[in-house]
1. Looking at segment 77-90, is at least one residue farther than 19 Å from Pro6 by Cα and touching a residue at least 40 places away in the same chain (Cβ under 8 Å)?
2. From the set of residues in segment 40-59 that are within 14 Å of ligand 1 (Cβ to nearest atom) and in a loop (DSSP other than H, G, I, E, B), which is surrounded by the fewest Cβ atoms within 10 Å (Cβ to Cβ)?
3. Give me a count of the residues in segment 4-30 that are assigned to a loop (DSSP other than H, G, I, E, B), within 16 Å of the chain's Cα centre (by Cα) and away from ligand 1 (no atom under 11 Å from the Cβ).
4. Only residues that are β-branched (Val, Ile, Thr) and farther than 20 Å from Ile8 by Cα: list them for segment 60-113, please.
5. Can you work out which of the residues in segment 170-210 that are charged (D, E, K, R), surrounded by fewer than 18 Cβ atoms within 10 Å (Cβ to Cβ) and within 23 Å of Ile33 (Cβ to Cβ) is farthest from ligand 2 (Cβ to nearest atom)?
6. Taking segment 70-89 only, how many residues are in contact with a strand residue (DSSP E or B) (Cβ under 6 Å, 6 or more places away or on another chain), closer than 23 Å to Ala117 by Cβ and part of a loop (DSSP other than H, G, I, E, B)?
Amino acid sequence: MGKLAPSILAADFAQLGQQCELVTSSGADYLHIDVMDGHFVPNISFGAAVMKSLNRLQTAPYDVHLMIEDPDRYAADFVTDKTEYIVVHQEACRHLHRSIQNIKALGVKAGVAINPATPVAVLEEILRDVDLVLVMSVNPGFGGQKFIDNAYGKIRRLKELREQGAGQYVIEVDGGVTAKNAAALREAGCDLFVAGSEVFRAEDIPAKVRELKALIG
Ligand code: DX5
Ligand code: ZN
């Protein structure tokens, strides 16, 4: 069954707590936490303090997407009892193997993300070590962008590699995911679906969560 991770980047920050509880009670499997530093990506979002204040609420576990330089320096800040994944960018890690091991040593699952211009092939030597591979289907930095089609081929390739025994990772897609492409992405082999604007800009947020969950079922 496919899982859904609404990206809180698209939430109304003035009602962040309520909206996180709302998507959770509507069936979201994770909260996708987009951390941007203004260096790796041309935008600044929020840091660990914001995420930690959600800890007091009844929410789904966190899928933390670090779009930052030097993630080794900050990863520990994002470990809470609700953090399931911490995901770093291949393009931001000079020593990716070390970064992945560092995250695992923190007691959470480790993922690697690749930008639209980065091929799956660069992950060949790390696939056996990661719990998750995130395929970016937009250039990271902003919500509400148009889906870039080459994600389909990457998802299919990652599924094929997994079937061949390359690793046991979850395949995640992030950027421009909507009710229009969710079923096709599931068909391609995606396991975990991030959706920001599609969920939080919907007129009826619970109905949108249920719709997406049914499509990726
Ligand atoms: C982009 C972020 C995404 C983004 C997705 O840099 O990593 O998680 O919030 O937003 P939508 O679903 O609106 O493309
Ligand atoms: Zn993200």
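Only the coordinates and a few stated rules stand behind these numbers; no lab work does. Given the structure is predicted, the values throughout are model-derived calculations rather than measurements. Please note: Cβ atoms are built from the backbone with ideal geometry, for glycine as well, and neighbour counts cover all protein chains shown.
1. Yes - at least one qualifying residue is present in segment 77-90.
2. In this case the residue turns out to be Pro42.
3. The total comes to 3.
4. Ile100, Ile103, Val108
5. Initially, segment 170-210 is screened for residues charged (D, E, K, R), giving 172, 174, 180, 186-187, 191, 198, 201, 203-204, 208, 210.
Filter once more, keeping what is surrounded by fewer than 18 Cβ atoms within 10 Å (Cβ to Cβ): 180, 187, 201, 203-204, 210.
Narrowing further to those that are within 23 Å of Ile33 (Cβ to Cβ): 201, 210.
Numbers: Arg201: 16, Arg210: 22 Å.
Result: Arg210.
6. Selection size over segment 70-89: 0.
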